[in-house]
Amino acid sequence: MEWQVNPTSGPQATKPKAASDYVDGQRLWQRHLDMARLGATGNGGVRRLALTAEDNEARGLLATWAANRNFDVSMDAIGNVFVRREGTDSHAAPVLTGSHLDSQPTGGKFDGTYGVLAALEALEAIDTAGFKTRRPIEVVSWTNEEGCRFVPGCTGSLVYRTPADLQRYLVIKDVEGISLGDAVRAAHAALPTIRQRPLGGPVWAFVEAHIEQGPELERQAKTIGAVTGIQGTRRFEITVHGEDAHAGTTPRRARKDALSAAVAMVAALEQLFYDKEDTVRFTVGRFEVWPNAPSVVPGKVFFTIDFRHPDDAVLTSLGDQVASICETNRKNSTVDVKQVIRTPPIKFPERIVAAVELAAQRLGLPTMRIASGAAHDAQNLFHLAPTGMIFVPCEKGISHNERENAQQADLTAGARVLADVILDLANE
Ligand code: HGY
Ligand code: MN
Ligand code: MN
């Protein structure tokens with residue numbers, strides 16, 4: 001007679017520990033609080049514009065935590081910071097994971113920062129577990145993802161993708177006339193102990209953890225978003241040239257009122273970009289008037305258009321009308337229209353999306369597939385290697401706002417998924 005061993009009563013085979021078992025949620029949370037002190041605003045947010053003193057302090061704090069684990073820390077010619085854990089084959093293309101530490105002017109504690117700290121936490125978990133990986137793993141903090149001090153954003157990952165473009169970006173200036181090149185040199189000077197490293201390099205795969213910055217995961221009570229792709233973006237800068245004039249003495253017929261023309265342009269553009277499905281994302285985020293004095297007819301207006309959509313054909317059909325609409329509404333002024341960003345929509349490879357989904361399901365985490373409305377450095381790494389993203393919820397989807405908030409448990413869950421995904425990738 002064959003004894004039927006009842007699997008529940010036999011010797012409990014101890015399930016081998018996974019990298020996710022070694023993720024320390026409390027350490028991850030505390031590091032968010034420590035990082036949030038750098039550039040802290042009075043309203044609970046952060047102001048850590050790219051390559052400012054606060055942003056460089058954040059690079060330094062990341063480097064300190066990494067050095068405490070004897071990970072190799074380096075910084076390249078555009079200011080990207082790398083934290084490397086060697087693999088058994090040091091020549092193998094590394095797995096990269098990370099995001100950005102710079103923020104919007106009134107940013108939150110989690111946008112970008114979470115992706116860098118979750119990546120460091122995942123690396124530490126793998127290290128604590130003593131897992132050897134064939135491939136090196138590199139945590140990356142990309143320079144100037146937000147693109148508010150220096151335009152365009154995602155500069156660090158753009159240059160990593162195309163090192164030959166470095167000089168083109170180093171000459172970009174901020175509103176004070178400081179060049180990106182000078183700011184990067186200042187960052188290296190502020191962090192002399194961080195080894196300099198050559199630009200670019202091979203990538204086996206890239207996975208970025210990020211808060212969703214939208215309400216879907218929270219609304220659907222999901223902990224993990226397996227991100228399927230990123231919608232496309234077209235960004236324009238519009239400058240309207242009129243003529244300063246006296247507000248009291250200049251008749252309407254003699255005015256070249258740049259503000260009146262700019263307001264007409266924005267009204268017409270709002271009509272162009274209105275869609276009842278509410279899929280189009282149209283934003284006038286910057287609007288500056290000169291001389292901005294109550295008794296002077298404005299002689300100049302500068303404003304930006306940020307237009308996003310998941311369908312490249314719509315990005316083309318609507319975006320290509322911007323210049324003519326501005327020209328039609330210029331009244332007695334003249335207008336310059338400059339497109340400064342055009343990134344097509346991308347779809348992440350199924351093998352990475354499925355790897356994220358499977359890792360989350362193995363951990364018993366409620367998971368859904370979701371597209372990204374926000375832009376990320378992953379859109380550049382996508383052109384170098386198989387790329388994907390892991391989203392976790394943020395409160396009410398609020399982001400690019402000092403009230404941005406997230407739960408420790410969700411941040412921990414995302415880091416656990418990330419640890420298991422990058423460990424598998426690093427052993428391919
Ligand atoms: O604008 C974006 O989507 C990114 O958050 N910087
Ligand atoms: Mn971000
Ligand atoms: Mn952002």
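The values are calculated or read from the model by the stated rules, or taken from the named source; none is laboratory data. Given the structure is predicted, the values throughout are model-derived calculations rather than measurements. FYI the Cβ positions are ideal-geometry reconstructions off the backbone, even for glycines, and counts take in every protein chain you see. Accessible surface areas use protein heavy atoms only, side chains included; no ligands, DNA or RNA. Shrake-Rupley method; radii C 1.70, N 1.55, O 1.52, S 1.80 Å.
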Using the heavy atoms of the protein chains alone and a 1.4 angstrom probe, what is the accessible area of the chain per residue in square angstrom? 44
Would you work out if the stretch 142-244 is rounded, prolate or oblate? Take a ≥ b ≥ c from the square roots of the eigenvalues of the alpha-carbon gyration tensor; rounded if a/c is under 1.5, else prolate when a/b is larger than b/c, oblate otherwise. oblate
Rounded, prolate or oblate: which fits the stretch 141-182 when a ≥ b ≥ c are the square roots of the eigenvalues of the alpha-carbon gyration tensor, with rounded for a/c under 1.5 and prolate only if a/b beats b/c? oblate
Taking +1 at the Cβ of each Lys and Arg and -1 at the Cβ of each Asp and Glu, which of 254, 426, 110 sits farthest along the dipole of the chain towards its positive end, judged by Cα position relative to the Cα centre? 254
25 Å Cα-Cα threshold exceeded, pairs from 173/347; 17/347; 276/300; 15/396; 109/396: 173/347; 17/347; 276/300; 15/396
The stretch 138-179, dipole about Cα centre (Lys/Arg Cβ +1, Asp/Glu Cβ -1), debye to the nearest 20: 160
The helix 350-362 Cα axis meets the longest alpha-carbon principal axis of the chain at an angle in degrees, between 0 and 90 and rounded to 10, of 60
In the stretch 1-138 the accessible area split gives carbon plus sulfur, as whole percent at 1.4 Å, a share of 53
Using a ≥ b ≥ c from the Cα gyration tensor of the chain (square roots of the eigenvalues), is it rounded, prolate or oblate, where a/c under 1.5 gives rounded and otherwise the larger of a/b and b/c decides, a/b for prolate? prolate
Let me know the charge dipole size of the chain about its Cα centre in debye, to the nearest 20, where only the beta-carbon of Lys, Arg (+1) and Asp, Glu (-1) is charged. 520
State the percentage of accessible surface on the stretch 372-428 attributable to carbon and sulfur atoms; use a 1.4 Å probe and exclude ligands, DNA and RNA. 48
Most packed first (mean Cβ within 10 Å per residue), the peptides 401-411, 172-182, 360-370 order as 401-411, 360-370, 172-182
Taking protein heavy atoms only, a 1.4 Å probe, and rounding to whole percent, the accessible area of the stretch 194-279 owed to carbon and sulfur comes out at 50
FRET efficiency for residue 296 and residue 15, using Cβ-Cβ distance with R0 set to 51 Å, rounded to 0.05: 0.10
For residue 40, other-chain or 5+-apart residues with amide H closer than 5 Å (H placed, Pro excluded) are 47
The stretch 209-268 - charge dipole about Cα centre, Lys and Arg +1 at Cβ, Asp and Glu -1, debye rounded to 20: 260
Placing +1 on each Lys and Arg Cβ and -1 on each Asp and Glu Cβ in the stretch 285-428, then taking the dipole about the Cα centre, the residue among 352, 392, 294 whose Cα reaches farthest towards the positive end is 294
